[in-house]
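All remarks here apply to the structure that follows.
Values quoted throughout were computed directly from the atomic coordinates according to the rules given, and no laboratory measurement underlies them. From a predicted model like this one, the values you see are computed outputs, not experimental measurements. Cβ coordinates were reconstructed from backbone atoms using ideal geometry, including for glycine residues, and neighbour counts include every protein chain displayed.
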């Protein structure tokens, strides 16, 4: 099975499908569309392995079934940020999109169920509040100045803070490291899963580690832009939504454009989508005080069994 995209979050939002396929009794292999997806075979119960999409053609054997969730009209024919998608699929979020895809393949999957990933706890991170500021997509970033205000506010409440991210790939993370925010490296997907699953709470932009935190039942505040398609409703997640993107930042796909169903290259995205040009980024409309308030609320929430 190949997920929608090449990111960590693309695998996490597909976990109910992966778990459903595993439960059917057939060996299930994850087709990794990018380097970030390597390593999940040790973390998803029952997964038979992970192969690179660029190697898939040479590995397929007679009798194998290739389930490519991108190979569907909702992916091929629509820009999820565009008006056409909003008109045809009003209010649809990622769980709704995944259900549409699965039903077309004859699969009845409950995307409200969140089975946890396998974890090796990191004792030194217990009780800390994790900040996750890094994303390859600039229009999902929250300004450095606001992260620093948030860090100050959390410390005033007596909370110990740690930051996860890749300073070599995120200018926001590197700026916060330079400012003194404590940083914990997560060089592999396994390290990231262990780290994010060990903390007492998470405040993150819309990125893969945020999705892991929600999956693992960690109290999470998700900072999302106006088109928050990847938001998954959960008891342990409080989303804060930015204002509508400025017109100079909005890329509109041509009507009738068809999106690719595969990833022919093995790419680790390094800011390829950094095209936010607004003088006042839309994500800056979310204040540090709002984040602190949402974090207090989500930490006091009671778990709801899945």
* **Residues that are over 20 Å from residue 40 (Cβ atoms) and surrounded by fewer than 19 Cβ atoms within 10 Å (Cβ to Cβ), drawn from the stretch 185-220** => 200
* Asked: Tell me, which residue of the stretch 88-104 that is assigned to a loop (DSSP other than H, G, I, E, B) and in contact with a helix residue (DSSP H, G or I) (Cβ under 9 Å, 6 or more places away or on another chain) is nearest to residue 160 (Cα to Cα)?
  -> 92
* **Conditions (1) within 21 Å of the chain's Cα centre (by Cα); (2) more than 23 Å from residue 106 (Cβ to Cβ); (3) surrounded by 14 or more Cβ atoms within 10 Å (Cβ to Cβ); (4) touching a residue at least 60 places away in the same chain (Cβ under 8 Å); number of the one not met by residue 54** => (1)
* Single residue of the stretch 158-171 satisfying the filter (out of contact with any strand residue (DSSP E or B) (no Cβ under 9 Å at 6 or more places or on another chain) and either on the phi > 0 side of the Ramachandran plot or in a loop (DSSP other than H, G, I, E, B) (or both)) that is surrounded by the fewest Cβ atoms within 10 Å (Cβ to Cβ) -> 158
* Structure fact -> Scanning the stretch 222-240 residue by residue, the ones that are closer than 14 Å to residue 293 by Cα and either out of contact with any helix residue (DSSP H, G or I) (no Cβ under 8 Å at 6 or more places or on another chain) or without any contact (Cβ under 8 Å) to a residue 60 or more places away in the chain (or both) total 3
* Could you tell me whether any residue of the stretch 115-128 is surrounded by 21 or more Cβ atoms within 10 Å (Cβ to Cβ), touching a residue at least 24 places away in the same chain (Cβ under 8 Å) and in contact with a helix residue (DSSP H, G or I) (Cβ under 9 Å, 6 or more places away or on another chain)? => yes
* Considering only the stretch 105-143, state which residues are part of a helix (DSSP H, G or I) and within 20 Å of the chain's Cα centre (by Cα). => 138, 139, 140
* To do: Check off (1) under 21 Å from residue 236 (Cβ atoms); (2) surrounded by fewer than 16 Cβ atoms within 10 Å (Cβ to Cβ) for residue 152 and give me the number that stays unchecked.
  => (1)
* Asked: Does the stretch 93-114 hold any residues that are under 19 Å from residue 235 (Cα atoms) and touching a residue at least 24 places away in the same chain (Cβ under 8 Å), and which are they?
  -> 93, 94, 95, 110, 111, 112, 113, 114
* Asked: Pairs, please: C-beta under 9 Å, at least 6 apart or cross-chain, first residue without any contact (Cβ under 8 Å) to a residue 60 or more places away in the chain and at negative phi and in the stretch 24-36, second part of a strand (DSSP E or B) and loosely packed, with under 14 Cβ neighbours inside 10 Å?
  -> 27/49; 28/49; 29/49; 30/49
* Asked: Any residue at all in the stretch 63-70 that is closer than 30 Å to residue 256 by Cβ, loosely packed, with under 13 Cβ neighbours inside 10 Å and touching a strand residue (DSSP E or B) at 6+ places or on another chain (Cβ under 9 Å)?
  -> yes
* Asked: Which one of 17, 4, 47, 21 is closer than 18 Å to residue 117 by Cβ and part of a loop (DSSP other than H, G, I, E, B)?
  -> 47
